[in-house]
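Peer 1: Dropping a structure here in structure tokens format, bear with me for questions.
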Amino acid sequence: MTKHNQDGAVSGVAVSLVFTLLLLIAAIVFGVWAFGSRQDYKNNTDAKINAAVTVAKQNEDKLKDAAFAQAEKNPLTTWNGPEAYGSIALAYPKTWSGYVSVASSTNTGSTNPVDGYFYPGVVPSTTDSSSSFALRIQVNSQSYANVVQQLSQANSQNPPTVAPYALPKVPKVVGVKVTGTLPISNGDTQKTGIMVILPLRSETLEIWTEGSQFTADFNNSILPNFSFSP
């Protein structure tokens, strides 16, 4: 009687089943991992897109606010000075306020017969040394030659940049434009910014902005529209 050995067949089937089961488990694990990774990537991508959209919206709002603020400055308001001090015509944003002290034409002893302060909204204290102004204007009783000479002697530690300059509306009167440390000080506070110094008859006209916040207004609105009678 012939006997058949079935042990090998059973062992082969068992190995195949175990191997198949392991492959199935591996496939399930991989599928779960892949699905989780996909969901994590999707969630992170959504978060990044949402963050980018938020930043873009904020930038758009800032641009709109800046454009609105700029538009609100127009039309410019004009301050006109007396003929005795050059019939100054100073145009400045209508959202700014101004305070100008003008000496009478008979007061020949005034150091600054025209002394003006301008700032958005409310003008800061004119006696506080920490105050900075969007725009300042002065008629200095000293001659232009004396003022320029003092400028060359001052600020030796941190000299400003000085270049010839003429107002677009008064091109025949050439003075200087000072950028950096200005030849003025309030107490112990040294001012920086941009100043234009021009001869005005026997006196000197000085126009400046303090700091850097209002540089664009000064260069693009104030100076191009400023005029006076030499």
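We did not get these values from a lab; they are worked out from the coordinates using the rules stated. Here the structure is a predicted model, which means the values were calculated and not measured. With ideal geometry, Cβ positions are generated from the backbone for all residues, glycine too; neighbour counts draw on all protein chains shown.
Peer 1: Roughly what would the spin-label model give for K94 and L76, points 7 Å off Cα along C-beta, in nm?
Peer 2: Spacing of the two 7 Å Cα→Cβ label points: 1.4 nm.
Peer 1: Still on this structure: Starting from 0.36 nm per residue, how many nanometres of slack lie between A145 and I28 once their C-alpha separation is accounted for?
Peer 2: Once the chain is fully extended between A145 and I28, it gains 33.0 nm.
Peer 1: Put a dot 7 Å past each Cα toward the Cβ at T215 and L21; how far apart are the dots in nm?
Peer 2: Those two pseudo-labels are separated by 7.7 nm.
Peer 1: For a Förster distance of 35 Å, can you work out the FRET efficiency between the beta-carbons of K172 and N59, rounded to the nearest 0.05?
Peer 2: 0.20
Peer 1: Only loop residues by DSSP count here, and only those with at most 11 other Cβ atoms within 10 Å; note down the trypsin sites (Lys or Arg not before Pro) in the range 125-230 that meet that.
Peer 2: Sparse-neighbourhood loop trypsin sites (Lys or Arg not before Pro): none present.
Peer 1: Given S104, L167, F133, which one lies farthest toward the positive end of the charge dipole of the range 80-178, if we put +1 on the Cβ of every Lys and Arg and -1 on the Cβ of every Asp and Glu?
Peer 2: My answer, from the dipole projection, is L167.
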